[in-house]
1. Give just the number: which of (1) without any contact (Cβ under 8 Å) to a residue 60 or more places away in the chain; (2) in a strand (DSSP E or B) does ALA96 not satisfy?
2. State the number of residues belonging to region 81-140 that are among the charged types (D, E, K, R), surrounded by 13 or more Cβ atoms within 10 Å (Cβ to Cβ) and modelled with pLDDT of 90 or more.
3. I want to confirm something. Restricting to region 195-239 and keeping residues that are at pLDDT below 75 and aliphatic (A, V, I, L, M), which single residue is nearest to GLY57 (Cα to Cα)?
4. May I ask you to list the residues in region 34-68 that are over 17 Å from the mean Cα position of the chain (by Cα), at pLDDT below 80 and surrounded by 14 or more Cβ atoms within 10 Å (Cβ to Cβ)?
5. Would you mind stating whether GLN173 is at negative phi, surrounded by 14 or more Cβ atoms within 10 Å (Cβ to Cβ) and at pLDDT below 85?
6. Quickly run through region 111-169 and pick out the residues that are at positive phi and not in a loop (DSSP other than H, G, I, E, B).
7. What are the residues in region 141-158 that are surrounded by 12 or more Cβ atoms within 10 Å (Cβ to Cβ) and among the hydrophobic types (A, V, I, L, M, F, W, C), if any?
Amino acid sequence: MNAPEAESSRGRSTGQIVLIVVGVLAGLLALALLAGGGALVWGHSTQRDAHGYYATGFKPLATPTYALVSDGLDVGTDGPDWLFRRGRLGTVRVTADGGASHPVFVGVGRQADVDSYLRDVEQDAVTDLEVDPFSVTYSRRPGTATPAAPTTQTFWAAKASGSGRQTVTWPVQKGAWAVVVMNADAARGVEADVSVGAKVPFILWLGFGLVGAGALVAVGSGVAIYFGVRTRRTPQPDPAA
């Protein structure tokens, strides 16, 4: 037995150890990809409502001011235009219920237009909303002006108003946007049960992509570990010789 063969029979080479380490790390990455992809596929199949939206339940929101305004919804402007056509990126749904005798207004508009409309108007900005457990954080914006009725404004990209449950759906577009909930007559004291949902069509394909990538990485991990742990057999002398 020569020296290299004796060394191989006694332990693993540096290359084999590297393969084992790489294989183990790849295996951990594969588990993460499979878990993430599986969660997305499961969520897409079980967590949506009858209309395909991931939605919160109805939660009570209230302010003594004239309006509840979402914190700015900034949609990046660096993406290609085709991504934002016909709701390809997603659709947002906001439903507000002010009760049968309390007409409510829900609207989505560009942030600049909303700021201009509510300039110097006392309002509450919703800066944080937690679903479980439910909690809302408001930021009061003072003002002395009285707003015109929101139903008379023409800048809304989507709007709904009336008694009972009112729903707006808005295909996501580029720019800075805001969601506004008010009384339909622009009176003080807004109270409504609000639900927010989103339809994201690429979630299922993203889940399948992560599962497929995880499977490929898992195969590579198994191959690396196999060659790492495989030992080279030392040639035995032929008894006949």
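1. Exception for ALA96: condition (1).
2. Start the filter on region 81-140 by keeping residues that are among the charged types (D, E, K, R), which leaves 81, 85-86, 88, 93, 97, 110, 113, 115, 119-120, 122, 124, 128, 130, 132, 140.
The next check asks that each one be surrounded by 13 or more Cβ atoms within 10 Å (Cβ to Cβ); those that pass are 88, 93, 97, 110, 113, 115, 122, 124.
Imposing the further condition that a residue be modelled with pLDDT of 90 or more reduces the set to 97, 110, 113, 115, 122, 124.
The number of residues fulfilling the criteria is 6.
3. Applying the filter and picking the extreme gives VAL200.
4. Within region 34-68, just LEU34 meets the criteria.
5. Criteria met by GLN173.
6. GLY162
7. Here is the first cut: in region 141-158, the ones surrounded by 12 or more Cβ atoms within 10 Å (Cβ to Cβ) are 141, 143, 146-147, 149-151, 153, 155-158.
The answer is ALA149, PHE155, TRP156, ALA157, ALA158.
The values are calculated or read from the model by the stated rules, or taken from the named source; none is laboratory data. This one's a predicted model, so the numbers in the text were calculated from it and none came from an experiment. Note: ideal-geometry Cβ built from the backbone for every residue, glycine included; neighbour counts use all protein chains shown.
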